[in-house]
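The values are calculated or read from the model by the stated rules, or taken from the named source; none is laboratory data. Remember, it's a predicted structure, so these values are computed and weren't measured experimentally. Glycine gets a Cβ as well: all are built from the backbone with ideal geometry, and neighbour counts include every protein chain shown. Heads up: the accessible areas ignore ligands, DNA and RNA and are worked out on the full protein's heavy atoms, side chains in. Shrake-Rupley method; radii C 1.70, N 1.55, O 1.52, S 1.80 Å.
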Amino acid sequence: MNPEKELPQEIGAQLRTKNLFLKNILDAIAHPFCVINAQNYIVEIANSAAYRGRMRGDVTCYQLLHESEQPCSLDEYPCPLQEIKKTKKPVIMEHLHVNSEGEFQFVEVHGFPILDAAGNVAHVIEYTLDITQRKQYEEALCESEAIWRSLVDTSPDHIIMLDTDLDIQFANFASQGLTVDELIGTPLYTYVDEHQQEKVKRILESVLRTGEPSQYETVYHSPDGNDIYYETYVAARRLAENNEIVGLTLNSR
């Protein structure tokens, strides 16, 4: 046996074992993970969730993740690698990637710099989380909020939201002599006739406690001397996930 010949073979076997071990660890990660050369954008290490069989030779991150022939330049979704090269700090950014079906998906990119001996960014570690469903929920919520806002803003009735302290959180408009800004953060019942304030307060507290809707009639004395009579319907506002009462919604006309 020649020790000089056996030693390189043994080292080679150990390296192959370690490489296989590392590959198995990376491929066990469900989210795309890769290490990118910061100078030429070449993906030097990637797990199967990132390359999905598409890596053949030297592949850049924009070819692999975006199916593009040039680095990202969109102002809305700046390149995480370029941002890390500028700041030399980790980043968390939203971006658009192309999945294995060729469809765009929203992702949250977590990027980390690897610095060389001179303190420059030599490589960037990136892993991404698919947030497409979250973005769809956000868009649906915005659309729903826009519809709700349109209905509220055009309603001839007062629509008011109170917190659990009975302070006003939202009002679509204010009675004569008042502004919405003045109303926010103040107790609703203080604006009704002083002889009815305790009654109204008890009704609001009861709805908060029991969750049972209620109604009442009141009068508001406007600064110009006119009396405005209101009929108000009160309902509890609840959290969807646990049905906890977090405030009240009032409709007054």
Filtering GluC sites (Glu not before Pro) in the range 170-242 by DSSP loop and by at most 11 other Cβ atoms within 10 Å leaves E194, E241
Taking a crude spin-label model, label points 7 Å out from Cα along the C-beta direction, the Q82 to T132 distance in nm is 2.5 nm
For the range 138-247, listing chymotrypsin sites (Phe, Trp or Tyr not before Pro) in a DSSP loop whose Cβ sees at most 10 other Cβ atoms within 10 Å gives none
Expressed in square angstrom to the nearest 10, the accessible area of C79 with a 1.4 Å probe stands at 10 Å²
Residue span N242 to H158: 0.36 nm per residue of separation minus Cα-Cα distance leaves a gain in nm of 27.4 nm
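Give, in nm to one decimal, the length gained when the segment between Q105 and Q215 is fully stretched (0.36 nm per residue of separation minus the Cα-Cα distance).
Length gained, Q105 through Q215: 34.8 nm.
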Surrounding charge for L208, neighbours by C-beta under 15 angstrom, Lys/Arg +1, Asp/Glu -1, total -1
Using alpha carbon centers only, the range 166-222 is separated from the range 105-122 by a whole-angstrom value of 54 Å
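Do any trypsin sites (Lys or Arg not before Pro) in the range 78-133 lie in a DSSP loop with no more than 13 other beta carbon atoms within 10 Å, and if so, which?
Answer by residue number: K88.
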The FRET efficiency for D58 and A122, from their Cβ-Cβ distance with R0 = 25 Å and rounded to 0.05, is 0.90
